[in-house]
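These notes concern the structure reproduced below.
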Amino acid sequence: MTDNNAHDIVVVGAGIIGISTALALQAQDRSVLVLDQDDGKAKASEMNAGAFAFTDIVPLATPGIMRKAPKWLLDPLGPLSVPPAYAFKIAPWMLRFWRASWPDRYRHSLSAQAALMEITRNALEKQIAETGADHLFQREGQLQLYEGEREFRASLDTWDLRRDHGIPFELLETRDAIAAIQPGIDARFTHAGFTPDWMNICDPAKWLKHLSEIFVARGGRIENSEVRSVRPGETAVALITSSGEISSRQVVVCAGAWSDRIARTFGDRFPLETERGYNTTLDPGAFHLKTHLTFGGHGFVVTRINDGIRVGGAVELGGLVLPPNFRRAETLLNKAKRFLPDLKTENGKQWMGFRPSMPDSLPVIDRSPTDRRVFYAFGHGHLGLTQAAGTAELVSALISNKTPPIDVSAFSARRF
């Protein structure tokens, strides 16, 4: 018997991963319901830096990173920090992060990340064309800036990796060469790498809204309802929500940093942590930005959002409960002012959001080990916007029992 009242497929989460997945399933003639709790707060999918970082194929857990980590972790305002109140709880995750930095695991993660970036770039271009969204994109490249020759030389291995994976770039070794692309950068930045194919969205909130509206216009539904637990049934999967019980023949969990909470109610457990990202959005006219700027040594970026400027980044591993520490946003903004002396920092609007992060920097894209009717797509860290379109293609292939375009074993739900 089958449950005739069951939905065809439910996607849990209306962020960029969830909506992209819903659209991909809709293209396969699936009837899709998206459930998401609207708490009135802006999602990470709406307030991120707007960057499609296809060149960022190097995992956060790199060989030797644990030698640097103690210095970072002891600085509460540094590029990578753990609040003291959260240090004990995150210790098991940090052990897995350390293991992921070993050369064998690192090479495996690097290869998987590069493959996902390659297919997602093509998937995004297709998504842009199919949804008529080219006017929302800025194709202005990116400058990765280095403070002196020593920092630049230390980065050359990562540029060699990009070359090996066919990523075009130009290395700049004079201040004049940097200024020709972006004037107004402080003289301390003597070297840079320019990636011309880098893309940004003019406003990530507009992009998410655009895709959501197209999904609804094509017959999809988005309902404001919190999914509290998932329970396997004989003929369907039951979702216990704030609006009551819903049954569905298949379910995709794309709930970002909250995905593990849902998975645990179903019997699956993941080492999912939360990168708490901070930013400040400045008014139009704050700076004449011509390209996306990355200050990698300081863990933040400066990007153009509509006609304004957004300064944000860094990684605070602090979970979902601790209150925001907006001194981190202030620190990034003060640094940006020093690095871009003409930047006008008045009237900035601060924000903090949650980015779901796995120890090996790779997402989970797989069926549930507990029930083959449930699928997972979460854990992209700060690359959710970048990898959404490619993730959607992989999930839709798994659901339709087709061979995915790349090997997905690295994204297995069983790998931990």
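The values are calculated or read from the model by the stated rules, or taken from the named source; none is laboratory data. On a predicted model such as this, the values are computed, not experimentally measured, just so you know. When we count neighbours, we look across all protein chains shown, and the Cβ atoms used for this are built from the backbone with ideal geometry, even at glycine. Areas reflect the complete protein model, heavy atoms only, side chains present, ligands, DNA and RNA absent. Shrake-Rupley method; radii C 1.70, N 1.55, O 1.52, S 1.80 Å.
Suppose the filter is touching a residue at least 60 places away in the same chain (Cβ under 8 Å) and more than 30 Å from Gln26 (Cα to Cα); does Thr280 pass it? Please lay out each step first, then the result.
Values: touching a residue at least 60 places away in the same chain (Cβ under 8 Å): yes; more than 30 Å from Gln26 (Cα to Cα): yes.
So Thr280 passes the test.
Kindly indicate the residue of the range 346-372 that is touching a residue at least 12 places away in the same chain (Cβ under 8 Å) and of a type in the set (Lys, Arg) and also most open to solvent (accessible area, probe 1.4 Å) among those meeting that condition.
Ranking the candidates gives Lys349 first.
With the structure loaded, tell me whether Leu343 is open to solvent by less than 10 Å² (accessible area, probe 1.4 Å) and assigned to a helix (DSSP H, G or I) or whether it fails that test. Please lay out each step first, then the result.
Values: open to solvent by less than 10 Å² (accessible area, probe 1.4 Å): yes; assigned to a helix (DSSP H, G or I): no.
Criteria not met by Leu343.
Could you list, in sequence order, all residues of the range 18-65 that are out of contact with any helix residue (DSSP H, G or I) (no Cβ under 6 Å at 6 or more places or on another chain) and not in a loop (DSSP other than H, G, I, E, B)?
Gly18, Gln26, Leu33, Leu35, Asp36, Ala44, Met47, Ala51, Ile65
Specify which of the listed residues (Gly184, Gly219, Gly141, Gly148) is at positive phi, of a type outside the set (Phe, Trp, Tyr) and under 22 Å from the mean Cα position of the chain (by Cα).
Answer to the selection: Gly141.
So, in the range 391-408, of the ones that are of a type outside the set (Val, Ile, Thr) and touching a strand residue (DSSP E or B) at 6+ places or on another chain (Cβ under 9 Å), which residue ends up nearest to Gly233 (Cα to Cα)?
Selected residue: Leu398.
Considering (1) buried (at least 21 other Cβ atoms within 10 Å of the Cβ); (2) under 19 Å from Tyr278 (Cβ atoms), say which one Ala388 fails and leave the rest.
(2)
Going by what's in this entry, would Arg355 be described as under 19 Å from the mean Cα position of the chain (by Cα), of a type in the set (Lys, Arg) and under 30 Å from Ile128 (Cα atoms)? Working first, answer last.
Working: under 19 Å from the mean Cα position of the chain (by Cα): yes; of a type in the set (Lys, Arg): yes; under 30 Å from Ile128 (Cα atoms): yes.
For Arg355, the condition - under 19 Å from the mean Cα position of the chain (by Cα), of a type in the set (Lys, Arg) and under 30 Å from Ile128 (Cα atoms) - is met.
Looking at Pro363 and the list (1) at pLDDT 95 or above; (2) over 14 Å from the mean Cα position of the chain (by Cα); (3) not aliphatic (A, V, I, L, M), which single condition is not satisfied?
Single failed check for Pro363: (2).
Would you tally the residues in the range 287-304 being in contact with a strand residue (DSSP E or B) (Cβ under 6 Å, 6 or more places away or on another chain) and either in a strand (DSSP E or B) or buried (at least 24 other Cβ atoms within 10 Å of the Cβ) (or both)?
8
Touching a Phe, Trp or Tyr at 6+ places or on another chain (Cβ under 8 Å), open to solvent by 50 Å² or more (accessible area, probe 1.4 Å) and modelled with pLDDT of 95 or more: does that describe Pro196?
yes
Which members of the range 311-340 meet the condition of being without any contact (Cβ under 8 Å) to a residue 60 or more places away in the chain and part of a loop (DSSP other than H, G, I, E, B)?
Answer for the range 311-340, where residues must be without any contact (Cβ under 8 Å) to a residue 60 or more places away in the chain and part of a loop (DSSP other than H, G, I, E, B): Val321, Pro323, Pro324, Phe326.
Where in the range 126-229 are there strands (runs of 3 or more DSSP E), lying wholly inside it, with at least 3 residues that are touching a His at 6+ places or on another chain (Cβ under 8 Å) and in contact (Cβ under 8 Å) with a residue 24 or more places away in the chain?
Counting at least 3 such residues, we get 142-146.
Taking only the range 142-154 into account, find how many residues are more than 14 Å from Phe189 (Cα to Cα) and open to solvent by less than 70 Å² (accessible area, probe 1.4 Å).
Qualifying residue count, the range 142-154: 1.
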